[in-house]
Amino acid sequence: MNYLEEKTLTETYHFKGRVINLRVDEAELPDGHVAIREIVEHPGGVCVAALTADGMLPFVRQFRYPYKEIVTELPAGKLERGEDPFDAVQRELSEEVGAKGTNWRSMGKLYPTPGYCEEIIHLFACDIEKEGTNHPDEDEFLEVEYIRLEDAVQMVLDGKLPDAKTQTLVLKLWAEEK
């Protein structure tokens, strides 16, 4: 065992839901002591920065219940358990924006809350090949808004795009374009 690693001794589930599971683990620390670790199990997600030929990015504006506010984000969605992230990101771009991408590339992955959640968000970028009409899920209400990449970078720096996955992907795409 690496001198920084912790060994799981027990796992006890306290809630199993549609999206998340909550469990409490006992873990052996590197020094032999035992600690309690509260874990949120989440299947992960995807997020995409899809650039138009004229340098615009589609964003979605939607009400985010935990924050009780409308949040502007890049198109994103939850993975179904075992789903391939590339299949999911293509689906989300189509559903949320009505677009089809080309020149797809991975932009890495993001651990949004590593202290207590195992969620991984897979980041992608693409060029928009074809635009159409969006068709969000029946419980999803959103507006699509196009923002120039340079303006989105400034919005991140000004704190106007507080979503972590959106901030990360906007800045990574901007760095790639430079």
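Quick test of your reading of the structure: residue 37 fulfils all but one of (1) among the charged types (D, E, K, R); (2) in the same structural domain as residue 113 (by TED's automatic domain parsing); (3) outside any helix (DSSP H, G or I). Name the failing condition by number.
(2)
Could you run through segment 61-96 and say how many residues are polar (S, T, N, Q) and under 14 Å from residue 162 (Cβ atoms)?
So in segment 61-96, the residues polar (S, T, N, Q) come out as 62, 72, 90, 94.
Among the residues that remain, those that are also under 14 Å from residue 162 (Cβ atoms) are: 62, 72.
Of the residues in that region, 2 qualify.
Can you pull out the residues in segment 1-34 that are in a strand (DSSP E or B), among the hydroxyl-bearing types (Ser, Thr, Tyr) and in contact (Cβ under 8 Å) with a residue 12 or more places away in the chain?
8, 10, 12
Could you please find all residues in segment 118-130 being more than 13 Å from residue 173 (Cβ to Cβ), in contact (Cβ under 8 Å) with a residue 40 or more places away in the chain and surrounded by fewer than 17 Cβ atoms within 10 Å (Cβ to Cβ)?
Answer for segment 118-130, where residues must be more than 13 Å from residue 173 (Cβ to Cβ), in contact (Cβ under 8 Å) with a residue 40 or more places away in the chain and surrounded by fewer than 17 Cβ atoms within 10 Å (Cβ to Cβ): just 118.
Just need a number here: residues in segment 137-178 that are out of contact with any Phe, Trp or Tyr (no Cβ under 9 Å at 6 or more places or on another chain), within 20 Å of residue 103 (Cα to Cα) and hydrophobic (A, V, I, L, M, F, W, C).
5
The values are calculated or read from the model by the stated rules, or taken from the named source; none is laboratory data. Worth saying up front: this structure is predicted, and the values here are computed from it rather than measured. Here the Cβ is made from the backbone with ideal geometry for all residues, glycine too, and neighbour counts use every protein chain on show.
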